[in-house]
Amino acid sequence: MVEGSPVSSPAAKGSTFGAMVSDLASSPKQAASAASSVTKQAVDAIESAVDSSTKGFGSPAPPSPLDHSAKQLDFDLKQGEKPVPATPATPVLPNSTKPSSGEDEEGEVDYNAFIRDTLLWTHRVRSGLYLLSGVAVILVAHRAATSRLTLVTGVCYAALAQLALNFVRALSAPALQARCTWGDSAWTYGAIHYFGSALKAAAAVHDAHCMGSDPAKTLRIGALLWAVSLGARTLSTTHLALALYVAAFTLPKAYTMFRSKIDGVTGKAFGQAKAQFDKLDVRARAAAVVLPLLLAGYALSRLDLAIALFLLAVYGRCWLTPSGVAALENRVVKPLTATTTKVGGTVSRLVGQAAAKYELTPTPTKAKRE
């Protein structure tokens, strides 16, 4: 209570109410004006309550208890004009605020952070669900691949099952069957969206690790891919997929838990190996790298020999000086690029002429008439 404010008693309130009633009775216009004012105040109060209850998270006003279900789905992601699902399987939040400066207006999910948190078991339930689901998918795929059914037979059986379901549904509920089309299905649009997101993520991984602009990184990625290809020959596809999938969920977490010990042991071993390697002269260093790769490639297959030669070329590029790189570009790269461009242009022109002459590609009717 504010100091100095008058305290109204029940008697005073009664007298005031009586005076108001007498004034309203004496003046009909005043009564109508008072009723209109009271109605307007009630409408304003209702609109204010609705606005405060419909404001989402991140707005200045506190959220209403009605938004409690959406709050459980909000994993503290930045909201844009288009609501961002917390996970690919989370329903879209009904409320969102306008993006601040620096936020992505499209509101795309950061899949790098999502994958990193999943593999590091930041959310244990989610990581366990993805681990078990992936293992189950691999085992089901292995069972389907090793069964007597061929791929075409399995697709035909699935199509027959879908046809039988549609037949029964058309007999029992024709109105429902008319709406159950695949073209306008939410599953179809969802698959297109998430397959497109997966394709974009794969393209981003390629652009980040397989562009070949960094020789040292190219050498590491190439050696890793070659090692995985060699391991795939000793294990079956299912065993290799299971090993890689389970390793992705266990090795990063184990490394974060025992990082200091692992870094100490590996750093010490790498330091000792590097010290012994530095004692050798340039020819001995080259022989220590070139000979094992060539022998491994020659003993395995011609394709492995080509991979070994590629890795040796990348290793040599790592030791080139800037002047050596410039000389290599002037003597080899530029002449080879010019020759390739000339030959490629000639071949493309000949192919285009042959396609137009023999109508190897569909030709519009109007073009044929002309």
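So the values come out like this:
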read-out: Virtual spin-label span in nm between ARG116 and VAL332, 7 Å along Cα→Cβ; value: 3.7 nm
read-out: Estimated distance in nm for a label pair at ALA287 and ARG233, the labels positioned 7 Å out from Cα along Cα-to-Cβ; value: 2.7 nm
read-out: Difference of contour (0.36 nm per residue) and Cα-Cα distance, TRP319 to ALA170; value: 46.5 nm
read-out: Qualifying chymotrypsin sites (Phe, Trp or Tyr not before Pro) in region 206-269, DSSP loop, other Cβ atoms within 10 Å at most 15; value: PHE258
read-out: Value of Rg to Rh for region 184-293 (Rh from inverse mean 1/r over Cα pairs, i.e. Kirkwood); value: 1.10
read-out: Ordering of 259-266, 212-219, 305-312 by packing [mean C-beta count within 10 Å, highest first]; value: 305-312, 212-219, 259-266
read-out: Sites LEU280 and LEU160, calculated FRET efficiency, Cβ-Cβ separation with R0 56 Å, nearest 0.05; value: 0.25
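Bear in mind these aren't lab numbers, they're just calculated from the coordinates by the rules spelled out. In this text, all values refer to a predicted model and were calculated from it rather than measured experimentally. Positions of Cβ are generated from backbone atoms using ideal geometry, with glycine treated the same way; all protein chains shown enter the neighbour counts.
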